[in-house]
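Student: Structure below; questions to follow.
The values are calculated or read from the model by the stated rules, or taken from the named source; none is laboratory data. Everything quoted here is computed from the prediction, not taken from an experiment. Here the Cβ is made from the backbone with ideal geometry for all residues, glycine too, and neighbour counts use every protein chain on show. Note: areas computed on protein heavy atoms with side chains; ligands, DNA, RNA excluded. Shrake-Rupley method; radii C 1.70, N 1.55, O 1.52, S 1.80 Å.
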Amino acid sequence: QVQLVESGGGLVQPGGSLRLSCAASGIVFNMYAMTWYRQAPGKQRELVATITSGGSTYYGDSVKGRFTISRDNAKKTVYLQMNSLKPDDTAIYYCKAANGLGSHWGQGTQVNVSS
């Protein structure tokens with residue numbers, strides 16, 4: 001059974017930092033590209049960052065220079081380091097594992113950026 005479990009969300013003040021984690025099980029983790037998405041109330045789901053199985057990274061324009069995606073294949077975990085957080089970063093953050101065989105989603109973790 002495939003499971004992706006996000007953690008690390010919470011409430012943070014503007015300018016603060018959070019690190020999200022997504023732990024995978026039931027998949028050959030190093031064969032999957034891992035992506036963080038987010039969805040704010042009333043908005044479409046937005047791609048935040050992707051890391052390929054080979055370690056290449058891609059970021060959405062709104063988070064470039066502030067967020068960093070990384071992966072630890074031994075721990076089957078992908079991370080999202082979020083710095084200089086803004087109220088507009090408030091959303092539910094989801095991780096997705098994908099390759100040519102299919103894709104899997106986690107249940108999401110809430111991030112609130114507010115003073």
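Student: Within segment 105-115, track down each residue that is open to solvent by less than 60 Å² (accessible area, probe 1.4 Å) and within 19 Å of T50 (Cα to Cα).
Tutor: Result: G106, G108, T109, V111.
Student: Being of a type in the set (D, E, K, R) and farther than 15 Å from W105 by Cβ, is that true of even one residue in segment 27-42?
Tutor: no
Student: Of the residues L11, L85, which single one is out of contact with any Cys (no Cβ under 8 Å at 6 or more places or on another chain) and either part of a loop (DSSP other than H, G, I, E, B) or open to solvent by less than 20 Å² (accessible area, probe 1.4 Å) (or both)?
Tutor: Exactly one of L11, L85 is out of contact with any Cys (no Cβ under 8 Å at 6 or more places or on another chain) and either part of a loop (DSSP other than H, G, I, E, B) or open to solvent by less than 20 Å² (accessible area, probe 1.4 Å) (or both), namely L85.
Student: Return the total of residues in segment 74-114 being farther than 16 Å from Y37 by Cβ and among the aliphatic types (A, V, I, L, M).
Tutor: Counting residues in segment 74-114 that are farther than 16 Å from Y37 by Cβ and among the aliphatic types (A, V, I, L, M) gives 4.
Student: Something else: Need pairs with beta-carbon distance below 9 Å; first residue farther than 22 Å from K43 by Cβ and touching a residue at least 12 places away in the same chain (Cβ under 8 Å) and within segment 88-103, second open to solvent by 40 Å² or more (accessible area, probe 1.4 Å) and part of a helix (DSSP H, G or I); sequence gap 6+ or separate chains.
Tutor: Here the result reads N99/M31, each pair linking segment 88-103 to a residue that is open to solvent by 40 Å² or more (accessible area, probe 1.4 Å) and part of a helix (DSSP H, G or I).
Student: Kindly evaluate S62 against the criterion of being of a type outside the set (V, I, T) and surrounded by 15 or more Cβ atoms within 10 Å (Cβ to Cβ).
Tutor: Working: of a type outside the set (V, I, T): yes; surrounded by 15 or more Cβ atoms within 10 Å (Cβ to Cβ): no.
Considered against the rule, which asks whether it is of a type outside the set (V, I, T) and surrounded by 15 or more Cβ atoms within 10 Å (Cβ to Cβ), S62 comes out as no.
Student: Please determine, by comparing only the residues of segment 88-104 that are assigned to a loop (DSSP other than H, G, I, E, B) and either in contact with a Gly (Cβ under 8 Å, 6 or more places away or on another chain) or of a type outside the set (A, V, I, L, M) (or both), which one is most open to solvent (accessible area, probe 1.4 Å).
Tutor: Here the answer is G100.
Student: OK, next. Being out of contact with any Asp or Glu (no Cβ under 6 Å at 6 or more places or on another chain), closer than 22 Å to S17 by Cα, among the polar types (S, T, N, Q) and exposed (fewer than 15 other Cβ atoms within 10 Å of the Cβ): is that true of S70 here?
Tutor: When the stated conditions are applied, S70 does not pass them.
Student: Out of (1) open to solvent by less than 40 Å² (accessible area, probe 1.4 Å); (2) part of a loop (DSSP other than H, G, I, E, B), the odd one out for Y79 is which?
Tutor: (2) is the only condition that Y79 fails.
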